[in-house]
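Report on the following structure.
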Amino acid sequence: MSEGDHNTGSEEPQEAPGLNRRHFLKYLGFGAIGAAPLPILPSLLRKTLDQKTVRSNGAPALAPNGQIRQWTMIIDLRYCDGCQSQGTPPQCTTACIEGHFSPEPMEWIEVYEAELPGDGTQFIPTPCQQCQNPPCVNVCPVAATFSTPEGTVLIDQNRCIGCRICMAACPYDRRFFNWGSPPVPPEALLADYSAEHQVPAKKGTVMKCDFCPDMARAGTLPYCVQGCPNDAIYYGDLEEDIATNGEEVVSASRLLSQNQAYRLKEDLNTKPRVYYIPGHGEAVGRDAFTEGRQPTEWPWIERAKGAREWKR
């Protein structure tokens, strides 16, 4: 096995029984894994039917057994070095910004540099945690933020009144507010707005990571997964017990259990759908005492009128 392969413990990586890469793509519809991100996507969402759930155009994604897919993300911190080895800002963040035209200074997946016991640091990519007991949903007075049958938490900017109560309720600081009319590149204005793909940004509303379920159904992986040069981010389905980083297909439960995965602030009982495998980039040669990362960039800023003067 090459040094770049991800090991799931003392044993060789194992796929879910009877699965191979082709079968996995067939299950999830990932026919275009590794394809270039497509920033403009069709509108897939209709009006919210009640304050807790939403139905997409058609029906939720189903596993072969007929059960609704349950999207998850697994981030292997052994392979995350904050893109120090690339000499760039974190590429998961950059890809997300480019794909969603996220206004500066929003980082829907923000890479924090956290201290380790005994000094040294680790990098922790942090998207919305997609809680299954989400405080934000519980406090929204107008049902603008809601949970879908697939387990993702979304925000409908057409319904959001900008009260920001959800921001106060989020224990992960993963929600952002548009105080003014944010500048966006011209192509963003062509997109059909969807709560699953919040383009273009709207004044006076809250935005956040949407977990890209529309991309999964359309046949590609989320921007952050595609952008990670070290293949540290897996996206998958807990119902089918499979996950992929675009290079390998694994059993999600085996990857989690063999590597003592954890979730952020588990004591709060928010039940996040994002899991972490402990590490500090050692699998890609990072020394824990090599601190610092390059500042985040907004790649489209030159194409957006007024973006250089934008102060939020």
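The values are calculated or read from the model by the stated rules, or taken from the named source; none is laboratory data. Note that this is a predicted model, so its numbers are computed, not measured. All Cβ positions, even for glycine, are placed from backbone atoms using ideal geometry, and neighbour counts span all protein chains on display.
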- Which of (1) modelled with pLDDT of 95 or more; (2) more than 23 Å from Ile301 (Cα to Cα) is the odd one out, the single condition Glu107 does not satisfy? (2)
- Item | Which numbered condition Glu240 misses (of (1) modelled with pLDDT under 95; (2) in a loop (DSSP other than H, G, I, E, B); (3) within 18 Å of the chain's Cα centre (by Cα); (4) within 24 Å of Leu62 (Cα to Cα)) | (3)
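Of all residues in the range 74-94, which are part of a helix (DSSP H, G or I) and closer than 27 Å to Ser253 by Cβ?
Leu77, Arg78, Tyr79, Cys92
For every residue, the table says whether it meets (1) under 24 Å from Pro90 (Cβ atoms); (2) not charged (D, E, K, R).
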{"position": "Gln130", "(1), (2)": "yes, yes"}
{"position": "Trp179", "(1), (2)": "no, yes"}
{"position": "Val199", "(1), (2)": "yes, yes"}
{"position": "Asp210", "(1), (2)": "yes, no"}
- Message: What pairs come out if I take residues in the range 76-91 that are farther than 21 Å from Ala261 by Cβ and pair them with residues that are in a loop (DSSP other than H, G, I, E, B) and among the acidic types (Asp, Glu) whose C-beta lies under 6 Å away, six or more apart or interchain?
- Response: Pro89/Glu297
- Scanning the range 208-220 for residues that are out of contact with any Phe, Trp or Tyr (no Cβ under 7 Å at 6 or more places or on another chain) and within 21 Å of Trp300 (Cα to Cα) gives Asp210, Met215
- Where a residue in the range 248-274 is surrounded by fewer than 18 Cβ atoms within 10 Å (Cβ to Cβ) and its partner, wherever it lies, is charged (D, E, K, R), with Cβ under 6 Å and at least six apart: Ser253/Asp241
- Message: I'd like the full set of residues that are modelled with pLDDT under 95 and of a type in the set (D, E, K, R), limited to the range 110-121.
- Response: Asp119
- Query: Are any residues in the range 196-207 touching a helix residue (DSSP H, G or I) at 6+ places or on another chain (Cβ under 8 Å) and more than 19 Å from Ile301 (Cα to Cα), and if so, which ones?
  - Reply: Glu196, His197, Val206
- Please indicate, with yes or no, whether at least one residue in the range 210-217 is surrounded by fewer than 20 Cβ atoms within 10 Å (Cβ to Cβ) and acidic (Asp, Glu). no
- Looking at the range 268-282, which of its residues are touching a Lys or Arg at 6+ places or on another chain (Cβ under 7 Å), on the phi < 0 side of the Ramachandran plot and in a loop (DSSP other than H, G, I, E, B)? Pro272, His280
- Message: Quick check on this structure: which one of Thr296, Thr290 is of a type in the set (S, T, N, Q) and more than 20 Å from Leu116 (Cβ to Cβ)?
- Response: Thr296
- Query: If Val206 satisfies every condition in (1) more than 23 Å from Lys305 (Cα to Cα); (2) crowded, with 16+ Cβ neighbours inside 10 Å; (3) not polar (S, T, N, Q) but one, which is the exception?
  - Reply: (1)
- Mind checking which helices (runs of 4 or more DSSP H) fall wholly inside the range 142-236 and carry at least 2 residues that are aliphatic (A, V, I, L, M) and touching a residue at least 24 places away in the same chain (Cβ under 8 Å)? 165-169, 213-218
- Message: Here is a check on your reading of the model: is Ile97 modelled with pLDDT of 95 or more, of a type in the set (A, V, I, L, M) and either crowded, with 17+ Cβ neighbours inside 10 Å or part of a helix (DSSP H, G or I) (or both)?
- Response: no
- Filter result for the condition that a residue is among the hydroxyl-bearing types (Ser, Thr, Tyr), over 18 Å from Trp300 (Cα atoms) and at pLDDT 90 or above, over Tyr234, Tyr223, Tyr193: Tyr234
